[in-house]
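Have a look at the structure below before the remarks.
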Amino acid sequence: MSDRIHTLSGYFHEYQKSVTQPEEFWARIADSFHWKKRWDKILEWDFEGPNVKWFQNAKLNITENILERHLFTIGDRPAIIWEPNDPEEEGRTLTYSDLYREVCKFSNVLIEQGVKKGDKVIIYMPMVPEAAIAMLGCARVGAVHSVVFAGFSSNALSDRIDDCGAKLIITSDGNFRGNKTIPVKAVVDEAVARTSTVESVIVYQRTKQEVVMKEGLDHWWHELMDGKAETHLAEEMDAEDMLFILYTSGSTGQPKGVVHTCGGYMVYTKYSFENVFQYSPGDVYWCTADIGWITGHSYIVYGPLLAGATSIMFEGVPTYPHPGRFWEIVDKYKVNQFYTAPTAIRALQAFGTEPIAPYSLESLKVLGSVGEPINEEAWHWYHTHIGKTRCPIVDTWWQTETGGIMVSPLAGITPTKPAYATLPLPGIHLAIMDTEGKELSGNSVEGNLCVKFPWPGMLRTTYGDHDRCKQTYFAAYKGMYFTGDGVKRDHDGYYRILGRVDDVINVSGHRMGTAEVENAINEHPLVIESAVVGYPHEVKGQGIYAYVICDMKNRTEANLIGEIKDTVTKIIGPIAKPDKIQIVPGLPKTRSGKIMRRILRKIADGSMDSLGDTSTLLDPDVVDKIIEGKV
Ligand code: WTA
């Protein structure tokens, strides 16, 4: 059963209902799922704790809603279509029946490995169907998965293993990415050696490169799967049991483990998927994200599969072996809904329209954008050259913490405006706050974006540190969830996201905490102090600009800059590598020693004439010296 909205008046009607009678509204949506036991109470909440419980005492297993529910109706429909990195390699299609069988077999593998309900399992894998099978296997046996993007370094991986106390890791021998082969298993070996909780590592063979398999610790995926029973009775989970932890960056040095729970996340991802993308049975849907990010969780795996959709999973990169690869895949599988990030659009835009020319793209009905504000130029290019002005663009605003899309047009229903995420989904009560804590009502206002009522897909806590969750999201504005984003509501009541207002930068749609990058830079023995800011970057949206005070010893600047970049790659991973590093004699600080990032941000984006008053700085001259040495 689908709860799809079909008209604009239908949207306004549903929205109204969701605000005035949220419990009745969500009960109706939740009714279409398979619950082993129905809830006693729809919602209990306070944003002080915070304490949020949806579908109290309901019992379910999310994989029954993906597998058993579809087995006898659409068992032959492709669930996952996999397109490999190399177009010469054969793709794979897993129907819902295939997926059922593979997930059951893998659940039996997990049980054999001693994994029990509540155990933490880290998934560090390439974009292969086995990554989704691993996630669903965990969910089926009640283990909590934590997918770590396979571009993170062994340091970043071991931090996450330690933070959640992971018992098992699922990985691959290597990853194919464009023309590179990445030795993934070696990264895992290093991380495991530094930690003490991991009891076994399951290795999916992808590249067939040489790896070290430690007796008693490492096991091949295919050997464990061999001969396993093809059924597995799903564990009964409480609606509020943890489904997964996903680490994300914030304004402090350490990434935090955002916790999502089984019932609410299930209801919210399916509902938002069907409505935003206007998915019809039989459509082929493709989201280009990586499963290491929330977009991959909610809109490659859970949302689409709960809706019985066909979801494409692509292992490669947009430009390999040529910059028309995305469009080739769209034509190959007759993709109807295509969901990607502005950074990918801008990167492809740079190649002009020639790479698109050989492809018809006529199957496309809906285009989506996620991860960062989409600039108007990219929006128009996407709309004209990919959507042929025929396909609505859904600019979807949401976060790891929100679990699913919060503000977005419903495809073909909500009139769009370039660069606007438009209107909130039903169930989402937004508020715009000024810096004094006052809500700005009415239209034509700008401020900080908050949510004032719970929604089923929201985070429940940050793993192992509930107070951090409270301080980060629920303390800035009493009784509200604070998103960390600035927003404008225009004269039509449409929302335009303006970007982060905290010390988080968004690099190619990936969140990086400036403090996290600074900590990594400071690991270099010759670095004395550093300050990192974001600056506008043509392709990445924001680039990373690092101001660093160093003890030069007898290094050249170029040498030192190279070493600092390597240090960041080692500590976090290549995604955090600064685009620009400037060695500076000092940093602009207030008399109390606080770094004036505002000034550094202005210098990085070239707005030297609007630096404001610098006379109150500890050493005002340092600003001139930094401007002189700008890179
Ligand atoms: C930004 C990704 C503008 C925003 C799903 C948010 C966006 C952060 C949009 C979350 C959008 C995401 N328009 N900004 N359509 N989508 N953002 O947790 O700053 O990786 O706070 O979740 O990305 O990033 P995250």
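Of everything listed in (1) free of Cβ contacts under 8 Å to residues at least 24 places away in the same chain; (2) β-branched (V, I, T); (3) buried (at least 21 other Cβ atoms within 10 Å of the Cβ), the single unmet condition for T93 is (3).
Here's the yes/no breakdown for (1) closer than 22 Å to S249 by Cα; (2) charged (D, E, K, R); (3) touching a helix residue (DSSP H, G or I) at 6+ places or on another chain (Cβ under 8 Å):
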site	(1), (2), (3)
P126	yes, no, yes
A150	yes, no, yes
N175	no, no, yes
N179	no, no, no
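When restricted to residues that are assigned to a loop (DSSP other than H, G, I, E, B) and surrounded by fewer than 16 Cβ atoms within 10 Å (Cβ to Cβ), the stretch 587-604 contains 5.
Listed conditions (1) in contact (Cβ under 8 Å) with a residue 60 or more places away in the chain; (2) in contact with a Lys or Arg (Cβ under 8 Å, 6 or more places away or on another chain) are all met by I405, apart from (2). For the stretch 72-83, indicate whether the set of residues that are of a type outside the set (G, A, S) and either in the same structural domain as C138 (by TED's automatic domain parsing) or touching a Lys or Arg at 6+ places or on another chain (Cβ under 7 Å) (or both) is non-empty. Yes, because at least one residue in the stretch 72-83 is of a type outside the set (G, A, S) and either in the same structural domain as C138 (by TED's automatic domain parsing) or touching a Lys or Arg at 6+ places or on another chain (Cβ under 7 Å) (or both).
Note on the stretch 148-267: enclosed strands (runs of 3 or more DSSP E) holding 2 or more residues that are over 26 Å from the mean Cα position of the chain (by Cα) are 218-220. For the stretch 41-68, the set of residues classified as surrounded by fewer than 19 Cβ atoms within 10 Å (Cβ to Cβ) and farther than 27 Å from T462 by Cβ consists of E68 only.
S32 falls short of the stated requirement of being polar (S, T, N, Q) and within 23 Å of V407 (Cα to Cα).
Going through (1) surrounded by fewer than 23 Cβ atoms within 10 Å (Cβ to Cβ); (2) near the ligand (Cβ under 10 Å from one of its atoms); (3) within 19 Å of the chain's Cα centre (by Cα) one by one, W398 falls short only on (1). In summary, Y271 fulfils each of the numbered conditions (1) closer than 28 Å to G427 by Cβ; (2) within 16 Å of the ligand (Cβ to nearest atom) with the single exception of condition (2).
In summary, L459 fulfils each of the numbered conditions (1) part of a strand (DSSP E or B); (2) within 16 Å of the ligand (Cβ to nearest atom) with the single exception of condition (1).
Taken over the stretch 541-574, the criterion of being crowded, with 19+ Cβ neighbours inside 10 Å, within 22 Å of the chain's Cα centre (by Cα) and under 23 Å from N155 (Cβ atoms) is satisfied by G543, I544, V568, I571, I572, G573.
The values are calculated or read from the model by the stated rules, or taken from the named source; none is laboratory data. As the structure is a prediction and not an experimental result, all values here were calculated from the model. Reconstructed Cβ throughout: ideal geometry from the backbone, glycine too, with neighbour counts over all protein chains shown.
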